[in-house]
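Reviewing the structure listed below.
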Amino acid sequence: MHQFSYVGNKLHCEGVDLAEVAALHGSPTYVYSAATIADNYRRLAASLSGLDLRICYANKANSNLAVLRHFANLGAAFDLVSAGELQRVVAAGGRAQDSVFAGVGKTEAEIKMALEAGVYGFHVESEPELERINHVAGRLGMRAPIAIRINPDVDAKTHAKITTGKSENKFGIPLKVAAAAYAAAAKLPHLEIRGVQMHIGSQLTTVAPFVEAVKKVLPFVLELKATYGIQYFSVGGGIGIVYEDALASGAQAWWDGKAEGERPLTPEVYGATLQPLLAPLGLKILLEPGRFLVGNAGVLVSRVEYLKRGSGRNFIILDAAMNDLVRPAMYEAYHEIVPLARDSARPALVADIVGPVCESGDCFAKARTLQEVREGEFVAFMSAGAYGYTMASRYNTRALPAEVLVSGNRFELVNTRESFEAMVASERIPSFLKS
Ligand code: LLP
């Protein structure tokens, strides 16, 4: 559920008319709902309240400082994958000490920074990485807390680019050699074995792959507890959200109207199914959700620049492009696109919805039916709160978009639209090209 809906015929985020945001801050602009984020967080926490639970928000999904502060205020810890993300969490007032540091390619400098920040656990993806962390910790006269990422070889049945738990992926260590990796870690003097981790993929809309993976690794987790006295088991992230019917899924009625087997995964089902499997372990359980917490809490507002009527094909050309929201171009991802001002008197239009970037991949939707829109009007991409701004680029020297946070009937700019000067600030013309 989320807090985007039409009030009368105007699309609102909580108590704010999105047209007002567009008028004040222009477009393209990401708009996030603080109440939706809080509700998602609390529902997930409540669904696993019988566990010693720590939610480590995967800030790769949306790492705006305001969003991170909101999570810190809600009591979340963080899942980090780079020095930059660690610095963001610290800058936003988040607790690095409760957070975990993941990623297949941690550099020495990143390991040092994370050790000095006192992270709760390094999620280790290979044996050479164990040795590198041991080496850096030794140099600092410290012991590094580690958990090895187990690859359970489970098919998450999601998009090929975001499935991670199969043996052919670059992630983690296969279950059958994990015992040897832990034995190797135990021999390294500057490591402390603190936990075990897994993550099978992203945008999972059923609970079955989670259950399969957890069941598969449970005996090994118990073995680790007995042998090394581990404190925690991180089951990763991956809970999916609604993209197709995104706007309608804001309302409880939409969920109630679905038959049991057709309802997308809810945190309640996730919790009720996994809690009985995880509780008997007697370990701290970490979750690393990203998309579930912020995905449906954000939209991208964009202006219609042109309506180009072609022979046999119409094009709605927006001021947002693949550099602002890359998911459709990169994953063939579907985002629902709705007008900010609804008008039932308007005819329907079938059109390709595209951006201005000079390549045909800059297409958000093909042959999409929506209310006829006119130049200067605005539309919103639903479910754009996760992997939207964080994956944006400056391709075509297009400035990074603005970001706004809404709470109740207040809204504030939390990231200014980039200026040309900021875009080129670090670039230099070398002396040998200056005559
Ligand atoms: N933990 C680990 C180790 C991960 O690799 C990821 C995501 C997460 C947690 C958070 O997963 P989530 O709860 O958000 O599904 N850019 C893609 C998604 C990439 C996910 C990468 N890893 C997209 O736009 O769909």
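The values are calculated or read from the model by the stated rules, or taken from the named source; none is laboratory data. The shown structure was predicted, so the numbers you read here are calculated from the model rather than taken from an experiment. Cβ placement follows ideal geometry from the backbone for every residue including glycine, while neighbour counts extend to all protein chains displayed.
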- Scope the stretch 107-131; condition surrounded by 23 or more Cβ atoms within 10 Å (Cβ to Cβ) and either in a loop (DSSP other than H, G, I, E, B) or in contact (Cβ under 8 Å) with a residue 40 or more places away in the chain (or both); matching residues: 119, 120, 121, 123, 124, 130
- Scanning the stretch 200-255 for residues that are outside any helix (DSSP H, G or I) and either away from the ligand (no atom under 15 Å from the Cβ) or in contact with a Cys (Cβ under 8 Å, 6 or more places away or on another chain) (or both) gives 229, 230, 231, 234, 245, 247, 251
- Task: Answer yes or no: is there a residue in the stretch 189-199 that is within 16 Å of the ligand (Cβ to nearest atom) and assigned to a loop (DSSP other than H, G, I, E, B).
- Result: yes
- Please go through the stretch 356-405 and pick out each residue that is outside any loop (DSSP other than H, G, I, E, B), closer than 23 Å to residue 5 by Cα and of a type in the set (Ser, Thr, Tyr). 369, 389
- residue 262 surrounded by fewer than 23 Cβ atoms within 10 Å (Cβ to Cβ), of a type in the set (D, E, K, R) and modelled with pLDDT of 95 or more: no
- Query: Picking from 187, 176, 170, 161, which residue would you name as being surrounded by fewer than 15 Cβ atoms within 10 Å (Cβ to Cβ), closer than 26 Å to residue 217 by Cβ and at pLDDT 95 or above?
  - Reply: 187
- Query: For the stretch 289-314, what are the residues that are surrounded by 23 or more Cβ atoms within 10 Å (Cβ to Cβ) and more than 16 Å from the ligand (Cβ to nearest atom)?
  - Reply: 301, 302
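One line per residue, one yes/no per condition, for (1) at positive phi; (2) among the basic types (Lys, Arg); (3) outside any helix (DSSP H, G or I); (4) within 15 Å of the chain's Cα centre (by Cα):
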| residue | (1), (2), (3), (4) |
| --- | --- |
| 32 | no, no, yes, yes |
| 46 | no, no, no, no |
| 49 | no, no, yes, no |
| 78 | no, no, yes, yes |
| 85 | no, no, no, yes |
- Message: Given the options 351, 321, name the one that is part of a strand (DSSP E or B) and either aliphatic (A, V, I, L, M) or within 16 Å of the ligand (Cβ to nearest atom) (or both).
- Response: 351
